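Values quoted throughout were computed directly from the atomic coordinates according to the rules given, and no laboratory measurement underlies them. Every value quoted in this text rests on a predicted model; they were computed, and no experiment measured them. Note: ideal-geometry Cβ built from the backbone for every residue, glycine included; neighbour counts use all protein chains shown.
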Amino acid sequence: MTRRAKTPRKPLVKKGSQTNFKDPVGVYCRVRPLSFPDQECCIEVINNTTVQLHTPEGYRLNRNGDYKETQYSFKQVFGTHTTQKELFDVVANPLVDDLIHGKNGLLFTYGVTGSGKTHTMTGSTGEGGLLPRCLDMIFNSIGSFQAKRYVFKSNDRNSMDIQCEVDALLERQKREAMPNPKTPSSKRQIDPEFADMINVQEFCKAGEVDEDSVYGVFVSYIEIYNNYIYDLLEEVPFDPIKPKLPQSKMLREDKNHNMYVAGCTEVEVKSTEEAFEVFWRGQKKRRIANTHLNRESSRSHSVFNIKLVQAPLDADGDNVLQEKEQIIISQLSLVDLAGSERTNRTKAEGNRLREAGNINQSLMTLRTCMEVLRENQMYGTNKMVPYRDSKLTHLFKNYFDGEGKVRMIVCVNPKAEDYEESLQVMRFAEVTQEVEVARPVDKVICGLTPGRRYRNQARGGPVGDEPLVAEVVLQSFPPLPSCEILDINDEQTLPRLIEALEKRHHLRQMMIDEFNKQSNTFKTLLQEFDNAVLNKENYAQGKLNEKEKVISGQKLEIERLEKKNKTLEYKIEILEKTTTIYEEDKRNLQQELEAQNQKLQRQFSDKRRLEARLQGMVTETTMKWQKECERRVAATQLEMQNKLWVKDEKLKQLKAIVTEPKTEKPERPSRERDREKVTQRSVSPSSVPNAPPIRLRHRRSRSAGDRWVDHKPASNVQTETVMQPHVPHAITVSVANEKALAKCEKYMLTHQELASDGEIETKLIKGDVYKTRGGGQSVQFTEIETLKQESPSGSRKRRSSTVTPAQPDGTESEWTDVETRCSVAVEMRAGSQLGPGYQHHAQPKRKKP
């Protein structure tokens, strides 16, 4: 299968880490045998990396005889005769080796229902699958280096704690004293139901296991059913009356941003039997059902996690180093996915139909994630990968982000009925193996001296050392007889000693001859070996020269490509800088445009506010001057009317004077009554005891139709003037308040003060009430009326009760002027100091005919 080239991009190198290499997802294909020999086959294995799909006969008829063959390539294809051992050696063995060396791994089986996924993962009687073989390889590698039980203790934060030997011993005694221990014991008899599955005949072991560390193995088993996560190892107390349903688990993120299942049970195991017993206990709780395609169809995705904990020994090599930071945790996840299926073929109904929908939905999310990852890597895009759309993809998103190797086994059933489903599976595999995953970084353990474990064991003396060569030689000689001579006549001891020495000398001579002979033989062999080595060196030198020529040619090619790469990088850098400059200019222009728009908006808002303000001022000024004009016109009309009345009065007086006889001027009753009233006002009440009561005249306001606030302070003095201010429909208050102002349109303040002549002067200050924007009221004063009581001065003559003769010029005397003015009352002319148009006029008294 041809892969598309990625967009050229300079790889980033993180500081302090390995080069950021990437490996594609390893996708393998396994073809299961047909159930019956006479079944029609639609899949053919071409070679060890390629399979070919044939269109079945029924589909050809439906497609007008269109015959189409499609080939798909994989990393390796396993035919129908492949054994579980061959599959394990190629696919799972490297993952287990990485697990022991501190790296994570993910292996999952994918395919349609009935394609052999569970058989591949778990195995069958007499033929163990990948899971028991992985467990067997792990315990074969770390068997003698395992820590005692409960030295490592899991917590709920996806990490491990270390306990000392004493705490671990107390924990073991406590667990053993429990009536039903949760942890499986290695002393139990193996369940015969799965005994044949874990009986692996082939011995497999990882190489280069760190002997200065201790290891612990923890397993957990979960299932994802209807997009909910359930713990298959959780112990739920049995209640026959009200059975308790299992509770779903939540996904959490640890401090290293790795996803894990919160509250999941993790069991520490010490052997393959214990681990598989835990797996089998959870397997019995897994949801399976009988469908039309498979008698025992998995209705959920199962995940069996093997967590390997590694911690170094201390400097003495006796105990585990009590530093949590030095713990290395690696994990291998074995996933058995539920089969994708079409509901019209499975004849599913009710719950089975809903389960099939959720299974297909989660597998579709997995396929979408793979497609987005491939698109991001091939085209340099940065689309968000929808991991969170499914619990399955969300749980394993860290693996696709570079936290471990990912391997997938595509299981297919070659029967013709599964052609369309197998075609979809092949397309998904084609997408998946184009996804590249970052290679995990090696984890380094603390730099303690290697060989600590065995050096500690050898402190008591050499163990198993071979005896020296001299001792062997001396032991091969015959023993010497007793050399003690007690008698001077002893003739046996010396001959025996001489004989023994001669035997030893003869044996020594024989050994020397044998040694010389063997040394000559060894020299000959050594010379032959030297000649062979020399010949091989010459041959190797020739080959090396040829390789050096090839290498030099490749170096030249590499240099050329590097120069070309540098040129392209330089061009890319220039383009990036140009793009950055353009983007900066674009941002600046956008900011300037936004600033101008904001400025225009502010100016437009200010303009609208100014227009509204000016409109209000114009309206207010117009209304003010309209009122002012109305007041002025009314004042002028009133003034002209008063003048007409005065002239009319004078004309009447002149007419009366003209028509009267010359001898005696008759007394005018009207004038006499007026004069009496004036006299009564000037004299004290005691001098005129029988005077008739005076009717007070009230000044009527020109705005009688409006509501008024009559503000009369409590300190005002009641006057006895003829003219009193009277405003109908008024609210009288002693202190101005907002409640009274809100109900009225006019305001009048009665103010009293002492004038210079000692009389009380009353001012009526009037104003209009306006509502403010804040919801209150304001008063704008418009006019002032002044009421003042005056006594006639001594220089001015008062008219007596006698009749005064007329003046020669025909005009009335000064008394008549005073009387007329008193009848007109107070008059304030326009243009006075009180302001424009502020006047107060009283109605003149009309003479009776």
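Given R₀ = 60 Å, FRET efficiency for Glu420-Glu583 by Cβ-Cβ distance, to 0.05? Before the final figure, lay out the partial values.
Numbers: r = 49 Å, r/R0 = 0.81.
Computed FRET efficiency for Glu420 and Glu583: 0.80.
Using the 2.2 N^0.38 Å rule of thumb for compact globular proteins, work out how the stretch 559-635 stacks up: its C-alpha Rg over that value, please. It would help to have the intermediate numbers written out before the result.
On the way: Rg = 32.6 Å, N = 77, 2.2 N^0.38 = 11.5 Å.
Output field value: 2.85.
For the stretch 532-584, what is the convex hull volume of the alpha-carbon atoms per residue, in Å³? Mind dumping the intermediate values first?
On the way: hull volume 3.0 nm³, N = 53.
Convex hull of Cα atoms, per residue: 57 Å³.
For the stretch 204-278, what log10 I(q)/I(0) values come out of the Debye formula at q = 0.21 1/Å, with one point per alpha carbon and no solvent?
With one equal scatterer per Cα and no solvent, log10 I(q)/I(0) is -1.09.
Taking the Cα centre of the stretch 538-608 as origin, sum charge times position over the Cβ atoms of Lys and Arg (+1) and Asp and Glu (-1), and report the length of that vector in debye to the nearest 20.
On the way: 16 positive and 14 negative charges, 18 e Å.
I would put it at about 80 debye.
Can you grab the distance from the C-alpha centre of the stretch 92-171 to the C-alpha centre of the stretch 518-571, Å, no decimals?
Distance between centres, Cα-based: 43 Å.
Would you please calculate the Kirkwood hydrodynamic radius of the stretch 730-786 over all C-alpha pairs and express it in Å, rounded to one decimal?
12.7
Please give the contour-minus-distance gain from Arg560 to Ala656: 0.36 nm per residue of separation, less the Cα-Cα distance, rounded to one decimal in nm. Each step should come with its number before you reach the end.
Values: separation 96, 0.36 × 96 = 34.56 nm, distance 14.11 nm.
Going from the current span to full extension adds 20.4 nm.
For the pair Leu170 and Lys571, how long in nm is the line joining their label points, each one 7 Å along Cα→Cβ?
Here the modelled spin labels are 7.2 nm apart.
In terms of modelled amide H atoms, which long-range or inter-chain residues lie less than 5 Å from the amide H of Gly26?
Amide H neighbours of Gly26: Val406, Met408.
Using modelled backbone amide H atoms (1.01 Å from N, in-plane), which distant-in-sequence or interchain residues come within less than 5 Å of Gln777's amide H?
Residues meeting the criterion, in which the H sits 1.01 Å from N, are Thr772.
Can you pull the one-decimal nm distance between simple spin-label points at Ala532 and Asn140, each 7 Å off the Cα toward Cβ?
A separation of 3.3 nm, rounded to one decimal place.
Under a crude label model (7 Å from the Cα following the beta-carbon direction), how far is Gln637 from Lys712 in nanometres?
Between Gln637 and Lys712, the label points sit 3.1 nm apart.
Let me know the shape class of the stretch 354-428, please: from the alpha-carbon gyration tensor, a ≥ b ≥ c as square roots of the eigenvalues, rounded when a/c is under 1.5, otherwise prolate if a/b is greater than b/c, or oblate.
Working: a/c = 1.92, a/b = 1.57, b/c = 1.22.
It is prolate, given that a/c is not under 1.5 and a/b is the larger ratio.
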